[in-house]
Amino acid sequence: MRIISLPCPHCRSRVKAAKSRTMSEMMKEITYMCQNPDCGHVFVASLEVLRTLTLSSSPNPEVHIELSQHVRQCAARQLALSLL
């Protein structure tokens with residue numbers, strides 16, 4: 001699995017995730033440390049669930065995630081077909 005990361009916003013060097021903190025079921029804050037010793041920048045970024053691309057086959061009724069435009073269009077097409 002690929003590790004989600006981004007370069008240091010100052011020197012563009014690699015960063016390493018130092019810790020993370022769950023803010024909600026849909027968001028996590030991640031503390032990153034720049035691996036360039038001449039820079040040393042430490043910063044917090046967020047990882048957030050934004051939208052659904054494929055519907056879950058076992059959805060949690062308490063979780064409400066926006067549907068992508070593609071999913072909405074597919075659902076509308078299926079609904080139209082079922083009404084024929």
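The values are calculated or read from the model by the stated rules, or taken from the named source; none is laboratory data. Everything numeric here is computed off the predicted structure, so don't read it as measured data. Here Cβ is always computed from backbone atoms with ideal geometry, including for glycine, and neighbour counts include all displayed protein chains.
Among residues belonging to segment 21-53 that are without any contact (Cβ under 8 Å) to a residue 12 or more places away in the chain and part of a strand (DSSP E or B), point out the one that is nearest to Cys74 (Cα to Cα).
Ser24
Residue-wise test of (1) touching a strand residue (DSSP E or B) at 6+ places or on another chain (Cβ under 7 Å); (2) within 28 Å of Val63 (Cα to Cα); (3) surrounded by 12 or more Cβ atoms within 10 Å (Cβ to Cβ); (4) of a type in the set (Val, Ile, Thr).
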| position | (1), (2), (3), (4) |
| --- | --- |
| Ser5 | yes, yes, yes, no |
| Cys11 | yes, no, yes, no |
| Val15 | yes, no, yes, yes |
| Glu25 | no, yes, no, no |
| Thr31 | yes, yes, yes, yes |
| Cys34 | yes, no, yes, no |
| Pro37 | no, no, no, no |
| Gly40 | yes, no, yes, no |
| Ser46 | yes, yes, no, no |
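Looking at segment 48-70, is at least one residue loosely packed, with under 12 Cβ neighbours inside 10 Å, touching a strand residue (DSSP E or B) at 6+ places or on another chain (Cβ under 8 Å) and of a type in the set (S, T, N, Q)?
No, every residue in segment 48-70 fails to be loosely packed, with under 12 Cβ neighbours inside 10 Å, touching a strand residue (DSSP E or B) at 6+ places or on another chain (Cβ under 8 Å) and of a type in the set (S, T, N, Q).
Of everything in segment 55-71, what is assigned to a loop (DSSP other than H, G, I, E, B) and either modelled with pLDDT under 90 or among the small types (Gly, Ala, Ser) (or both)? Give them in sequence order.
The answer is Leu55, Ser56, Ser57, Ser58, Ser68.
With the requirement that a residue be of a type in the set (Gly, Ala, Ser) and more than 15 Å from the chain's Cα centre (by Cα), what does segment 31-57 give you?
Correct list: Gly40, Ser56, Ser57.
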